[in-house]
Amino acid sequence: MADSSNITLQSKEPTLGQIQIAPEVLEIIVGIAVSQIDGVNRMQGTISSSVNELFGRKKNLGKGVKLTIVDDQISVDVFAYLDYGVSVPKVALAIQDKVKQQILFMTDLALSEVNVHITGIVTEKTESAIDPNNLFGDEDTQTDENEDGEES
């Protein structure tokens, strides 16, 4: 039974039958395309998708993508976190171009718009300058003193 929410492609050979694509397939295509762009750190997901990934369950490749279909016009909203130091406009334009290109190439569908929402910037994780064994820095680890205060 065909689902009415599926997208039906117009075939050049109508005698061969219909081709239908589930919207989730388009979301996965968009998610993979965006994750391949330099400067994109990750896609924004829901709490449930984050918990599922934390416990090693199936990775949701379509997270951070919202697909809207109105009057045979398909628009996509992409929610992404970028790496610190990248040019936001350049990365956003690269996302728009790559998404339109991949959807057209893989499904022969033209998107009416690709809206990019930058939801955050992710900085590099740096090493802590604080030694967890010497939080206040009052112990000298270089010299070993005995109880009388003399070096041994």
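The values are calculated or read from the model by the stated rules, or taken from the named source; none is laboratory data. These numbers were taken from a predicted model, which means no experiment stands behind them. Positions of Cβ are backbone-derived with ideal geometry, glycine not excepted, and every protein chain shown enters the neighbour counts. Quick note on the areas: whole protein, heavy atoms, side chains included, nothing else; ligands and nucleic acids left out. Shrake-Rupley method; radii C 1.70, N 1.55, O 1.52, S 1.80 Å.
Tabulated data
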{"read-out": "Per-region count, the range 11-22, residues assigned to a loop (DSSP other than H, G, I, E, B), modelled with pLDDT under 80 and exposed (fewer than 10 other Cβ atoms within 10 Å of the Cβ)", "value": "2"}
{"read-out": "Every residue from the range 81-96 that is polar (S, T, N, Q) and exposed (fewer than 12 other Cβ atoms within 10 Å of the Cβ)", "value": "Ser87"}
{"read-out": "Residue match in the range 23-38 (condition: open to solvent by 50 Å² or more (accessible area, probe 1.4 Å) and either in contact with a Ser or Thr (Cβ under 6 Å, 6 or more places away or on another chain) or at pLDDT below 90 (or both))", "value": "no"}
{"read-out": "Selected residue [farther than 30 Å from Lys125 by Cα, at pLDDT 90 or above and out of contact with any helix residue (DSSP H, G or I) (no Cβ under 6 Å at 6 or more places or on another chain)] from Ser75, Ser4", "value": "Ser75"}
{"read-out": "Residue identified as part of a strand (DSSP E or B), buried (at least 18 other Cβ atoms within 10 Å of the Cβ) and touching a strand residue (DSSP E or B) at 6+ places or on another chain (Cβ under 7 Å) among Val78, Val99", "value": "Val78"}
